[in-house]
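What follows is calculated from the coordinates using simple rules that are stated; it is not laboratory data. In this text, all values refer to a predicted model and were calculated from it rather than measured experimentally. No Cβ is skipped: glycine too gets one built from the backbone with ideal geometry, and neighbour counts run over all protein chains shown.
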Amino acid sequence: MKNALLATLLVTPLFALLGTMVVNNRMVFFTDVLGHSALTGIAIGVLLGFRDPTLSMIVLAVALAVGVNILKNITKTPIDTVLGVFMAFIVALGIVILSRQGGFVKYTSYLIGDILAVTPQQIAWFFVLAAVVLMYWYAAGNAMLLTSVNPSLARSRMVNTFLIETSFTVLLALVVIVSIRLVGILIINSLLVLPAAASRNLARNMHAYTAWAVVISILSGVTGLVVSYYWGTASGATIVLFAAGCYCVTALLGRWRK
Amino acid sequence: MQKTCEHCCTKIDSLTVRFGDNTILDNVNLHVNCGEIIGVVGPNGAGKTTLLRTILGEIPYQGKIIFRISGHESKKPKIGYVPQKLQFDLSSPISVTDLVASAISQHPVWMGINKELPEKVKSVLSLFSAEHLLERRVGELSGGELQRVLLAIAMTPEPGLLLLDEPASGIDVRGLSLFYQIVDDLRKKHDIAVILVTHDLAGVSSYVDRLILLNRSVIAEGDPKEVLSNEKLVKTFGSSLWNISCLPNLMSSESGKNGDH
């Protein structure tokens, strides 16, 4: 439980930070595809005989992040259509490989995750990732904001928008994949989106947006974890329920303030 | 034509831009001196925005774009750019201070605004009658207010070349007149070269030194009155543009400054 609490305290602010940009950049569908790509990542790992498929999951998700970013700049097809087609393909491929000879049940733990099974090694990884994301946010936060507002405007301010977009999506891929065992494929996107979406109901500037998202994320994380312990429910899903509750409350508060 | 210092200019030589088999710009030649406002007009799909994005270095091209600053050739000149519109979700919690500070300062805005920054942002905005907008969300601004905020960003630090993409769209007549007046003052005070892409033929003609009629290549170029009375203009725009027939009247009257469509 101590490890699970530590992991929650590390992962939730990380997701809140990334989520603010995911929501601002309308990348919610993209992160959903990213989460679902984990299925195929596991499948490829299994085919290659890896004991731990994390590496193949990361390689596939990073390749997906870079690929989508390149495609976004060259294709005229709406990006959500491309992502929809791609998600259908990648999820089907993952399930087909993993369900050979009725073996899919072995992998269902990836779908809902288990934060209580977190290892000290994973916590060390989260610590490193949190430090990297924080440094990245400090160095590239303004450039990301300008890029999200208007890429040409950002480029006129000497921002390398391709580098910014690609590095952000790669970072996103890494965090999503490393956290997937804890939170689960089915709900990982909610954990990214809900704190930021709830914060938007209250905030009028970037500082408040980020601060509220982090507070809401940590609060739902810790409450959800403790409650799931007593209820005997899946921690990730319980956390998401509390985050969804925060969204409803802030939506009402936001309306009331207007 | 405006007298220029002759030490800085932007020279576009035989510029051609292709996307696959489509030629978007074909052999465009253009010379902009400092202190000069060039208006670029043309129908939709004429390559006006592509021209600006090519000058910004976003699009591969054939030909030459030469920037000369203080008599020396410059590979990476400071270019101020005012986009036609912002492509973000209007409900985003981004304040005017956030937007300006993220463009002119290294301090990450998500960490909060430090003590000196509000004064700096305010002083930048005050030059463009926009200092009262500091706390407003960007999505709440009117078209004219947004253009002034974007112009304030584009002018900090002072650029050698200012690119304005369709400032007339989404602005009311009064806001547009104020915007043109500010741009006119800027080039006089700071000797800045301005390329202004617009649909607002009548309104812009009082402020620009030269007008370029672009439709993939330069169809006509010169004094606004001459270009606007050119029969190629009517041919290029077609009769769909309501103010074509009103142009001579608008140009000869002061009220013509404020035309909008």
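How many nm is it between the label spots at residue B:29 and residue B:119, if each spot is 7 Å from the Cα in line with the beta carbon?
Going by the 7 Å Cα→Cβ label model, 5.2 nm.
Label the range A:176-219 by shape, choosing from rounded, prolate and oblate, from the square roots a ≥ b ≥ c of the eigenvalues of the Cα gyration tensor; if a/c is under 1.5 it is rounded, and otherwise prolate applies when a/b is larger than b/c, oblate when it is not.
prolate
Would you please give the residues with an amide H less than 5 Å from that of residue B:172, counting only those at least 5 places away or on a separate chain, with H modeled from the backbone geometry?
Amide H neighbours of residue B:172, under 5 Å, 5+ apart: B:144.
Taking amide H atoms as placed 1.01 Å from N in the peptide plane, list the residues 5 or more away in sequence, or in a different chain, whose amide H sits under 5 Å from that of residue B:78.
The list, which skips near neighbours in sequence, is B:160.
If you average the sequence gap of Cα pairs under 8 Å that are 6 or more apart and divide by the length of the range A:2-185, what percent do you get for the contact order?
Once normalised by length, the contact order is 35 percent.
Other chains' Cβ within 10 Å of A:198-208 residues: what's the mean?
Other-chain Cβ atoms within 10 Å of each residue's Cβ, averaged: 6.
Dividing the Cα convex hull volume of the range A:1-83 by residue count, how many Å³ per residue is that?
Dividing the Cα hull volume of the range A:1-83 by its residue count gives 112 Å³.
By average Cβ neighbour count within 10 Å, what is the ranking of A:205-212, A:53-60 from highest down?
Top to bottom by mean Cβ count within 10 Å: A:205-212, A:53-60.
How many Cβ atoms of partner chains, on average, are near each residue of A:209-216 if near means within 10 Å of its Cβ?
2
Counting only other chains, and only Cβ atoms inside 10 Å, what mean value do you get across the residues of B:98-105?
Mean number of neighbouring Cβ atoms from other chains: 6.
Return the sequence-ordered ³J(HN,Hα) values of the range B:43-56 in whole Hz as given by the Karplus equation 6.51 cos²θ - 1.76 cosθ + 1.60 applied to θ = phi - 60°, using x for Gly and Pro.
Calculated HN-Hα couplings, in order: x, 4, x, 7, x, 5, 5, 4, 4, 5, 5, 5, 4, 6 Hz.
Just how large is the dipole of the range A:2-185 about the Cα centre, in debye to the nearest 20, putting +1 at every Lys and Arg Cβ and -1 at every Asp and Glu Cβ?
Computed about the Cα centre, the dipole is about 120 debye.
Determine, for each peptide in A:69-79, B:215-225, A:114-124, A:239-249, the mean count of other beta carbons within 10 angstrom over its residues, then list the peptides with the highest first.
A:239-249, B:215-225, A:114-124, A:69-79
Can you compute the equivalent ellipsoid semi-axes for the range A:2-185, i.e. the square root of 5 times each eigenvalue of the Cα gyration tensor, sorted largest first and rounded to whole Å?
29, 22, 12
Check residue B:217: other-chain or 5+ apart residues with amide H under 5 Å from its amide H, H built from backbone geometry?
B:26
Just the Cα atoms of the range B:9-255, one point each, no solvent: what log10 I(q)/I(0) does Debye give at q = 0.09, 0.11 Å⁻¹?
-0.41, -0.61
Applying a 10 Å radius around every beta-carbon, put A:96-107, A:150-161 in order of their mean neighbour count, most first.
A:150-161, A:96-107
Which whole-Hz ³J(HN,Hα) couplings does the range A:24-33 yield from phi under the Karplus relation 6.51 cos²θ - 1.76 cosθ + 1.60, θ = phi - 60°, glycine and proline marked x?
4, 8, 6, 10, 4, 5, 4, 5, 5, 4
Under 18 Å Cα to Cα from residue B:64, which aspartates and glutamates show up? Leave out anything in the same chain fewer than 8 places away.
Those aspartates and glutamates meeting the cut-off are B:13, B:26, B:73.
From the gyration tensor of the Cα coordinates in the protein assembly as shown, what semi-axes in whole Å does the equivalent ellipsoid have, largest first, with each one equal to sqrt(5λ)?
Semi-axes, largest first: 50, 26, 20 Å.
Using each residue's phi in the range B:161-171, evaluate 6.51 cos²θ - 1.76 cosθ + 1.60 at θ = phi - 60° and report the 3J(HN,Hα) Karplus result to the nearest Hz, with x for Gly and Pro.
9, 10, 10, 10, 9, 6, x, 6, 6, x, 10
Between residue B:76 and residue B:188, what is the label-to-label distance in nm when each label sits 7 Å out along the Cα-to-Cβ direction?
Taking the simple label geometry, residue B:76 and residue B:188 are separated by 3.5 nm.
In deg cm²/dmol, rounded to 500, what helix-only [θ] at 222 nm does chain A give when every DSSP H run of at least 4 residues adds -39500 (n - 2.57) and the total is split over its residues?
Result for chain A, helices only: -28000 deg cm²/dmol.
Using a basic spin-label model with each label point 7 Å from the Cα along Cα→Cβ, how many nm lie between residue B:226 and residue A:128?
It is 6.8 nm.
Just check the range B:108-170 against the gyration tensor rule for me: Cα atoms, a ≥ b ≥ c as the square roots of the eigenvalues, rounded for a/c under 1.5, and otherwise prolate or oblate depending on whether a/b exceeds b/c.
Oblate, because a/c is 1.5 or more while a/b does not exceed b/c.
Rounded to the nearest 0.05, what FRET efficiency do residue B:173 and residue A:92 give with R0 = 45 Å and r taken as the Cβ-Cβ distance? Could you check?
Computed FRET efficiency for residue B:173 and residue A:92 comes out at 0.20.
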